[in-house]
Amino acid sequence: MRRKDREVTDFTKMTAILNSCDCCRLGLIDGDESYIVPMNFGYETQDGDLVLYFHCAGEGRKIDLIPKQKTVSFEMDTHRELVTADNACGFSYLYQCVMGKGSLEILTDHDAKVRGLQRVMSHYSHTDCWEFHPAMMEKIHVLKLTVSEWSCKEH
């Protein structure tokens, strides 16, 4: 990270920033181009490790690309605020962001899918006691991103 003065390294603060984000953008490679897709997400931490979960339809470009990815990137941000000034060079932007990479897989085990969906629902509803209709469980895909590296920054 170039601006070490803006890096957040305290794990508790990093997870607080992560928790305040409402959208995670996944970065995948499609041939010679990047494909970035915004997604709802949930997460869990265990012993300093981070796992992100996503839900999506069972078809589409993202689903086609996942098996071809060795590593995927992700980015999320929060607390965005424009700082204005009397001159152009004085403008700035305040924010907190989370960025990282890891391996992405499509979960097939029913219990693992439920666990991932509970994490997504918990992130937005602060409750993790949801029931999921069996027909919907058959239709949707649950993605698990096992994070290998991540960092946080704030300005």
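The values are calculated or read from the model by the stated rules, or taken from the named source; none is laboratory data. In this text, all values refer to a predicted model and were calculated from it rather than measured experimentally. Note that we place each Cβ from the backbone using ideal geometry, even for glycine, and neighbour counts take in every protein chain shown. For the accessible areas, the whole protein counts, side chains as well, though only heavy atoms, and no ligand, DNA or RNA atoms are used. Shrake-Rupley method; radii C 1.70, N 1.55, O 1.52, S 1.80 Å.
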* Structure fact -> Checking Val98, Val114, Val142 in turn, the sole residue that is surrounded by 12 or more Cβ atoms within 10 Å (Cβ to Cβ) and in contact with a Gly (Cβ under 7 Å, 6 or more places away or on another chain) turns out to be Val142
* **Qualifying residues in the range 123-139 (those that are of a type in the set (A, V, I, L, M) and open to solvent by less than 90 Å² (accessible area, probe 1.4 Å)) - the one nearest to Glu105 (Cα to Cα)** => Met137
* Structure fact -> Given (1) open to solvent by less than 90 Å² (accessible area, probe 1.4 Å); (2) at pLDDT 95 or above, Glu149 misses just (1)
* Asked: Does at least one position in the range 138-145 carry a residue that is assigned to a strand (DSSP E or B), under 18 Å from Asn19 (Cα atoms) and touching a strand residue (DSSP E or B) at 6+ places or on another chain (Cβ under 9 Å)?
  -> yes
* So which pairs qualify, if the first residue must be in the range 106-131 and more than 20 Å from Lys62 (Cα to Cα) and free of Cβ contacts under 8 Å to residues at least 24 places away in the same chain, the second must be of a type in the set (Gly, Ala, Ser) and open to solvent by less than 60 Å² (accessible area, probe 1.4 Å), the Cβ gap must be under 8 Å, and the two must be at least 6 apart or on different chains? -> Asp128/Ser122
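For every residue, the table says whether it meets (1) of a type in the set (A, V, I, L, M); (2) more than 17 Å from Met99 (Cβ to Cβ); (3) not in a helix (DSSP H, G or I).
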site: Met14; (1), (2), (3): yes, no, no
site: Thr45; (1), (2), (3): no, no, yes
site: Val51; (1), (2), (3): yes, no, yes
site: Leu65; (1), (2), (3): yes, yes, no
* Asked: Out of all the residues in the range 43-94, which are of a type in the set (Ser, Thr, Tyr), more than 20 Å from Phe11 (Cβ to Cβ) and open to solvent by 50 Å² or more (accessible area, probe 1.4 Å)?
  -> Thr71, Ser73, Thr84, Tyr93
* Asked: Residues of the range 98-137 being within 19 Å of Cys23 (Cα to Cα), in a helix (DSSP H, G or I) and of a type in the set (A, V, I, L, M), which ones?
  -> Leu117, Val120, Met121
* Asked: Can you pull out the residues in the range 10-35 that are touching a residue at least 12 places away in the same chain (Cβ under 8 Å), of a type in the set (Val, Ile, Thr) and open to solvent by 80 Å² or more (accessible area, probe 1.4 Å)?
  -> Ile29
